[in-house]
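For reference, the structure is listed below as structure tokens.
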Amino acid sequence: MSLLEKIDSPQDLKGLNIKELPVLADEIRQEIIKVVSKNGGHLASNLGVVELSICLHYLLNCPDDTIVWDVGHQIYTHKLLTGRKKDFKNLRRLNGLSGFPNFRESSYDPFIVGHSGTAISQALGMVMGQTLQESKTKVVAVIGDASLSTGMVFEAMNNCGCLQKNLTVILNDNEMAISKSTGVLSNYLNRVISSSIYNRIKNNLSSLIKAIPMIGTKVLRLAERLEESLKNLLIPGMFFEQLGFKYFGPLDGHNIHGLLDTLKNVFSIQKPTLVHIITKKGKGYSPAEQFPEKFHSASPFNITTGKFTPKIFLTYTDIFAKTLLELARQDESIVAITAAMELGTGLNKFRDEFPQRFFDVGIAEQHAVTFASGLCKQGMKPFVAIYSTFLQRAYDQIMHDVCLQNLPVVFIVSNASIVGEDGATHQGIFDFAYLGSMPNLAVLAPKDAEEFRNMIKFAVKQKKQPIAIRYPKSPVTSHQSTENRKPRTENREPKTEEIELGKSEILREGKDAMIIAIGSMVYPCLQAGDILSKRGIDCGLINSRFLKPLDESLLLKLSLQTNRFITVEEHSLEGGLGSKILEFFADRDIKTKVKRIGLPCRFIEHGKREELLSRYGLTAEKIAEKIEKWMKR
């Protein structure tokens with residue numbers, strides 16, 4: 001029996017001899033690699049914290065003690081050690097384990113986490129709560145060096161340094177966010193000089209001072225200042241000490257014996273402490289060590305070769321990357337900005353071709369948006385590419401620094417709608433609501449590749465207001481399947497229409513009702529229309545294109561032809577397209593019947609995108625069923 005098979009809880013782990021722990025670490029790595037190769041998942045980050053996770057659970061008494069994981073995409077070892085080993089094979093699958101911490105899944109997970117920079121604030125809140133309740137259990141926050149680009153981390157550390165409470169922060173330094181870490185703070189940590197060098201120089205300096213006969217006060221103070229300057233030069237921890245933390249490190253994050261010795265001593269200190277460990281992302285699996293960015297959020301792969309299952313389709317990210325490059329070659333004012341997501345947003349190609357016009361600001365979405373407003377003021381055309389789930393972190397900056405100023409910043413809102421296996425923290429189903437309420441901002445969603453290209457071109461030409469274009473994490477659809485349904489004039493073949501501000505597209509006429517769909521739901525609604533036609537229900541179809549502004553003239557015209565409308569969107573029903581249509585008719589006292597089809601206002605669980613679309617009734621067949629039932633009613 002392997003060591004891992006014996007572990008069903010942290011208490012079982014404590015029964016192992018310390019010499020067995022490195023063997024357990026190897027077994028855990030193999031299990032993680034095996035499962036992620038089949039299911040996909042966050043591989044490189046998890047392989048880097050195996051030893052740390054083992055040491056924390058070996059020393060702490062969880063769940064009475066608490067480990068708060070920042071981001072949470074590095075908790076696979078934690079899950080294997082806390083009673084979820086048997087279910088680990090179903091990681092990220094529908095009804096299986098989440099790829100992130102989830103308190104509904106286990107008492108060992110205090111929070112549901114998927115965003116960076118939250119751990120110290122959460123952990124400090126728990127410590128203060130314990131203080132007020134006179135409880136004395138240990139709280140440990142684990143953050144990565146990339147989180148140091150997140151302002152919230154320093155807000156929390158500043159507060160913690162003032163309160164001087166018993167909190168331990170583990171700083172996992174692997175020189176990586178998702179993309180290569182950027183910024184002065186991260187680079188500062190990477191300039192680590194061995195503590196043995198520092199100690200040798202310090203000891204030599206002390207010996208020299210002591211050897212000076214009848215040393216004066218001034219000389220002693222000078223020596224002390226010299227020692228302090230030396231410490232500032234050689235030890236990155238002085239930065240954290242100035243924030244009120246006792247600093248330990250840097251330590252080898254893969255040396256179990258060294259970690260255990262240090263952490264045991266640190267946990268006995270009743271003040272804020274920071275333990276700085278150095279780890280290797282992808283540790284123990286050569287392809288992940290060599291290409292940690294590609295294996296950050298990995299799709300299924302061959303363990304032997306390290307090659308991913310071939311992608312046989314284009315994505316909207318591919319279209320964005322190619323189109324922006326083409327436009328940037330013609331227009332030198334185009335610049336691109338992302339927040340530690342170069343590969344995920346497709347901007348790695350832009351970075352390679354136009355390095356001086358590319359800006360990865362680190363995990364700092366708020367700064368990315370306001371930075372873009374400054375570029376815009378100087379006549380540049382900034383494209384800010386951020387996942388839907390992460391862009392919501394910059395709500396105030398979009399409102400105050402872009403929309404209020406009415407600056408033509410272009411937001412590329414990627415991974416919108418249901419994203420699948422990453423689950424509740426990453427589903428991009430609220431962006432219509434938070435973007436659609438902002439004055440001056442136009443919000444668009446393409447139905448296919450060609451329309452997406454045209455929207456990007458439209459955004460470049462737009463000089464009067466900000467633009468947001470959202471697209472899903474799914475293969476792109478060809479526009480050709482709509483050709484037969486487009487209205488024809490003068491017997492000419494229909495052409496792809498240019499995008500006009502607030503103008504929709506009529507894809508199908510219908511006498512019984514009108515479906516208004518947007519983005520990823522346009523094609524399923526075309527298919528639903530075919531299904532309904534065979535059942536004797538004639539529904540027209542409008543491709544809204546815009547959430548905001550709506551095509552008001554078309555809606556008024558249609559309201560004279562029918563009083564039955566169905567809206568369909570891959571977004572929460574609260575604050576989405578359906579809400580906009582209802583408000584439009586209600587504000588004009590137009591009596592219509594509106595059926596809204598979309599996602600419930602709740603946090604959607606993890607699973608394959610296709611499975612979730614089916615579960616929530618957003619397939620062509622289920623859309624048709626809902627419309628038929630409503631029409632008959």
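The values are calculated or read from the model by the stated rules, or taken from the named source; none is laboratory data. Every value quoted in this text rests on a predicted model; they were computed, and no experiment measured them. Heads up, the Cβs are rebuilt from the backbone with ideal geometry, glycines too, and the neighbour counts pull from every protein chain shown.
The number of residues in region 562-589 being without any contact (Cβ under 8 Å) to a residue 40 or more places away in the chain and farther than 16 Å from PHE430 by Cα comes to 9. Apart from one condition, GLY519 fits all of (1) buried (at least 18 other Cβ atoms within 10 Å of the Cβ); (2) at negative phi; the exception is (2).
Annotation: of all residues in region 551-593 being in contact with a Cys (Cβ under 9 Å, 6 or more places away or on another chain) and assigned to a loop (DSSP other than H, G, I, E, B), the one that is nearest to VAL443 (Cα to Cα) is GLY575. Here are the criteria: (1) out of contact with any strand residue (DSSP E or B) (no Cβ under 7 Å at 6 or more places or on another chain); (2) surrounded by 18 or more Cβ atoms within 10 Å (Cβ to Cβ); (3) of a type outside the set (Asp, Glu). Tell me which single one LEU618 does not satisfy. Failed condition: (1). Just one of the numbered conditions (1) crowded, with 20+ Cβ neighbours inside 10 Å; (2) farther than 20 Å from THR317 by Cβ is not true of MET399; which one? It fails just one condition, (1). Cβ separations smaller than 7 Å between residues 6+ apart or across chains give no pair from region 376-389 residues that are buried (at least 21 other Cβ atoms within 10 Å of the Cβ) to residues that are assigned to a helix (DSSP H, G or I) and among the polar types (S, T, N, Q). Consider GLU611 carefully, then state whether it is touching a Leu at 6+ places or on another chain (Cβ under 7 Å), among the acidic types (Asp, Glu) and crowded, with 23+ Cβ neighbours inside 10 Å. So GLU611 fails the test.
Taken over region 421-454, the criterion of being surrounded by fewer than 23 Cβ atoms within 10 Å (Cβ to Cβ) and free of Cβ contacts under 8 Å to residues at least 60 places away in the same chain is satisfied by MET438, PRO439, ASN440, GLU450, ASN454. Out of SER388, SER373, one residue alone is hydroxyl-bearing (Ser, Thr, Tyr) and within 24 Å of GLN427 (Cβ to Cβ). It is SER388. Across region 529-546, the qualifying residues are those that are among the charged types (D, E, K, R) and assigned to a helix (DSSP H, G or I), and the one among them that is nearest to ARG453 (Cα to Cα) is ASP530.
Restrict the check to region 521-528 and report whether at least one residue is of a type in the set (Ser, Thr, Tyr), under 29 Å from the mean Cα position of the chain (by Cα) and either under 21 Å from ILE590 (Cα atoms) or assigned to a loop (DSSP other than H, G, I, E, B) (or both). The answer is no, given that none of the residues of region 521-528 is of a type in the set (Ser, Thr, Tyr), under 29 Å from the mean Cα position of the chain (by Cα) and either under 21 Å from ILE590 (Cα atoms) or assigned to a loop (DSSP other than H, G, I, E, B) (or both). Filtered by the rule that a residue be over 16 Å from the mean Cα position of the chain (by Cα) and at pLDDT below 85, region 168-185 gives ASN174, GLU175, THR182, GLY183, VAL184, LEU185. If only residues of region 106-131 that are touching a helix residue (DSSP H, G or I) at 6+ places or on another chain (Cβ under 9 Å) and of a type in the set (A, V, I, L, M) are counted, the one that is surrounded by the fewest Cβ atoms within 10 Å (Cβ to Cβ) is MET128. Filtered by the rule that a residue be closer than 18 Å to LEU3 by Cα and free of Cβ contacts under 8 Å to residues at least 40 places away in the same chain, region 45-61 gives a lone residue, SER53.
Note on region 105-158: among residues that are at pLDDT below 90 and among the charged types (D, E, K, R), the one that is farthest from LYS86 (Cα to Cα) is GLU134. Got a number for residues in region 257-294 being touching an Asp or Glu at 6+ places or on another chain (Cβ under 8 Å), buried (at least 22 other Cβ atoms within 10 Å of the Cβ) and outside any loop (DSSP other than H, G, I, E, B)? Residues flagged as touching an Asp or Glu at 6+ places or on another chain (Cβ under 8 Å), buried (at least 22 other Cβ atoms within 10 Å of the Cβ) and outside any loop (DSSP other than H, G, I, E, B) within region 257-294 amount to 3. Within region 610-627, the set of residues being in a helix (DSSP H, G or I) and touching a Pro at 6+ places or on another chain (Cβ under 7 Å) comprises ALA620, ILE623. Let me confirm something: among SER559, SER544, SER572, which residue is in contact with an Asp or Glu (Cβ under 8 Å, 6 or more places away or on another chain) and of a type in the set (Gly, Ala, Ser)? Of the residues listed, the single one that is in contact with an Asp or Glu (Cβ under 8 Å, 6 or more places away or on another chain) and of a type in the set (Gly, Ala, Ser) is SER544. In region 611-633, the residues that are more than 17 Å from GLY536 (Cβ to Cβ) form Cβ pairs under 7 Å with partners that are at pLDDT below 95 and surrounded by fewer than 18 Cβ atoms within 10 Å (Cβ to Cβ), at six or more places apart or across chains, as follows: GLU611/LEU94.
Filtering region 63-75 to residues that are over 16 Å from LEU259 (Cβ atoms) and either in contact with a strand residue (DSSP E or B) (Cβ under 9 Å, 6 or more places away or on another chain) or surrounded by fewer than 24 Cβ atoms within 10 Å (Cβ to Cβ) (or both) leaves PRO63, ASP64, ASP65, THR66, VAL68, TRP69, ASP70, VAL71, HIS73, ILE75.
To keep it simple, each residue is scored yes or no on (1) in contact with a strand residue (DSSP E or B) (Cβ under 8 Å, 6 or more places away or on another chain); (2) over 25 Å from MET341 (Cα atoms); (3) modelled with pLDDT of 95 or more.
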| residue | (1), (2), (3) |
| --- | --- |
| LYS457 | no, no, yes |
| ARG470 | yes, no, yes |
| SER478 | no, yes, no |
| GLU493 | no, yes, no |
| GLU497 | yes, yes, no |
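Scanning region 102-132 for residues that are of a type in the set (Val, Ile, Thr) and assigned to a loop (DSSP other than H, G, I, E, B) returns ILE112, VAL113, THR118. Please count how many residues of region 359-373 are in a helix (DSSP H, G or I) and surrounded by 24 or more Cβ atoms within 10 Å (Cβ to Cβ). Qualifying residue count for the region: 4. Here the condition is being over 30 Å from LEU16 (Cβ atoms), among the basic types (Lys, Arg) and more than 23 Å from the chain's Cα centre (by Cα); of LYS264, LYS311, LYS271, it holds for LYS271 alone.
If you go through region 141-170 and keep only what is buried (at least 24 other Cβ atoms within 10 Å of the Cβ), out of contact with any Ser or Thr (no Cβ under 7 Å at 6 or more places or on another chain) and within 17 Å of ALA340 (Cβ to Cβ), you end up with ILE143, GLY144.
Which of the residues spanning region 1-41 are among the polar types (S, T, N, Q) and touching a strand residue (DSSP E or B) at 6+ places or on another chain (Cβ under 8 Å)? SER37 - this is the single residue of region 1-41 that is among the polar types (S, T, N, Q) and touching a strand residue (DSSP E or B) at 6+ places or on another chain (Cβ under 8 Å). Only residues that are in contact with a His (Cβ under 6 Å, 6 or more places away or on another chain) and either of a type in the set (D, E, K, R) or modelled with pLDDT of 95 or more (or both) were counted across region 390-434, and they come to 3.
Is it true that ILE32 is at negative phi, outside any helix (DSSP H, G or I) and modelled with pLDDT of 95 or more? The answer is no for ILE32. Go through region 150-167 and report how many residues are under 21 Å from the mean Cα position of the chain (by Cα) and in a loop (DSSP other than H, G, I, E, B). Going through region 150-167 one residue at a time, the tally reaches 1.
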